[in-house]
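Okay, so here's the structure we're looking at.
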Amino acid sequence: MASDWERAGERSWKQKVPSWGIWALPESALQLLPATMDEMKSIELGCGTGYVSAWMRRRGAHVVGIDNSLEQLKTAERLMAEHGISFELIHGNAEDVPLPDASIDFAISEYGAAIWCDPLIWIPEAHRLLKPRGLLTFLGGHPLAMLATPTSGASCDEHFHRAYFGMHQQDWRGVEYDPGGIEFNLTHSDWHRLFRETGFEVIDYLELQAPQGASGTQFGIPGEWAEKWPSEQVWKLRKLPTEGEESHLIGN
Ligand SMILES: C[S@@+](CC[C@H](N)C(=O)[O-])C[C@H]1O[C@@H](n2cnc3c(N)ncnc32)[C@H](O)[C@@H]1O
């Protein structure tokens with residue numbers, strides 16, 4: 001499907017000011033990126049065409065983007081050349097990143113690992129990669145949007161179509177409308193438990209609302225629906241230092 005994402009990638013690469021998610025909400029409202037990223041080591045997990053990586057590079061970060069689609073990475077390479085921006089790309093699985101422990105200051109995913117990787121695997125993997133007190137921010141679909149999507153894959157409506165408890169993976173491959181892949185989400189309490197058990201603290205949690213008057217349907221979410229209910233969520237996490245690391249950090 002990489003060719004379907006080229007045009008959107010080209011548009012986002014041109015943006016000097018980031019905007020996020022299906023409603024293109026501005027960075028000034030969401031603050032997903034650290035204000036300055038000079039010399040920060042950052043990674044985008046499931047980078048696709050790499051526009052988030054480009055935004056971080058423009059803020060001064062050293063950036064690595066990882067994606068398991070070679071075609072997406074080819075688009076990212078082309079756009080790097082066209083924009084005169086360069087960062088490292090890895091063709092690989094964001095659940096198993098070939099980089100050392102504690103080597104990253106800031107990790108991010110917008111609809112990459114955030115929804116396409118198993119959280120029980122990629123959250124601990126992101127934790128492994130981060131330095132003590134390193135940050136992980138990710139944006140993906142809200143559990144409510146998953147519940148309100150009919151089993152046919154048609155657009156969200158005002159009914160619940162599946163159980164909330166036990167939510168983990170949703171297979172969209174065989175559905176009637178807009179068949180996709182296997183997507184992951186958890187209940188709120190399961191996300192919290194996973195973060196706590198992995199060693200993250202939650203710094204912030206956002207439930208994204210479509211702007212007033214949002215028209216049309218984006219990726220199966222009608223604008224009217226997303227004005228009333230959250231279609232997307234953002235988690236902002238910090239890696240808790242272990243006790244030994246804590247005293248080392250204070251000592252320094
Ligand atoms: C919708 S894109 C999101 C990336 C970016 N925000 C964009 O829109 O181009 C989802 C990306 O996640 C990648 N992806 C899916 N599963 C992955 C995995 N296990 N490891 C790395 N990347 C993965 C896909 O190849 C795709 O490029």
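See the values below:
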| item | result |
| --- | --- |
| Listing of helices (runs of 4 or more DSSP H) fully contained in region 26-113 that carry 2 or more residues being surrounded by fewer than 17 Cβ atoms within 10 Å (Cβ to Cβ) and within 19 Å of the chain's Cα centre (by Cα) | 27-30 |
| Selection count where residues are touching a residue at least 60 places away in the same chain (Cβ under 8 Å), under 23 Å from residue 110 (Cα atoms) and assigned to a loop (DSSP other than H, G, I, E, B), scope region 155-185 | 4 |
| Evaluation of residue 225 against (1) within 19 Å of residue 178 (Cβ to Cβ); (2) assigned to a loop (DSSP other than H, G, I, E, B) (one fails), failing number | (2) |
| Answer residue from region 1-12, given it is over 20 Å from residue 106 (Cβ atoms) and near the ligand (Cβ under 10 Å from one of its atoms) and is surrounded by the fewest Cβ atoms within 10 Å (Cβ to Cβ) among those | 4 |
| Where a residue in region 36-50 is within 14 Å of residue 86 (Cα to Cα) and among the polar types (S, T, N, Q) and its partner, wherever it lies, is modelled with pLDDT of 95 or more and more than 8 Å from the ligand (Cβ to nearest atom), with Cβ under 6 Å and at least six apart | 42/56; 42/61; 42/63; 42/106; 49/75; 49/76 |
| Region 13-50: number of residues that are acidic (Asp, Glu), more than 10 Å from the ligand (Cβ to nearest atom) and modelled with pLDDT of 95 or more | 2 |
| Looking only at region 9-25, and only at residues there that are part of a loop (DSSP other than H, G, I, E, B) and free of Cβ contacts under 8 Å to residues at least 12 places away in the same chain, the one that is nearest to residue 95 (Cα to Cα) | 24 |
| So residue 130, is it of a type in the set (A, V, I, L, M, F, W, C), within 23 Å of residue 99 (Cβ to Cβ) and more than 16 Å from the ligand (Cβ to nearest atom) | yes |
| Region 79-98: number of residues that are within 13 Å of the ligand (Cβ to nearest atom), out of contact with any Gly (no Cβ under 7 Å at 6 or more places or on another chain) and farther than 21 Å from residue 125 by Cα | 0 |
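The values are calculated or read from the model by the stated rules, or taken from the named source; none is laboratory data. No experiment lies behind these values; they were computed from the predicted model shown. Note that we place each Cβ from the backbone using ideal geometry, even for glycine, and neighbour counts take in every protein chain shown.
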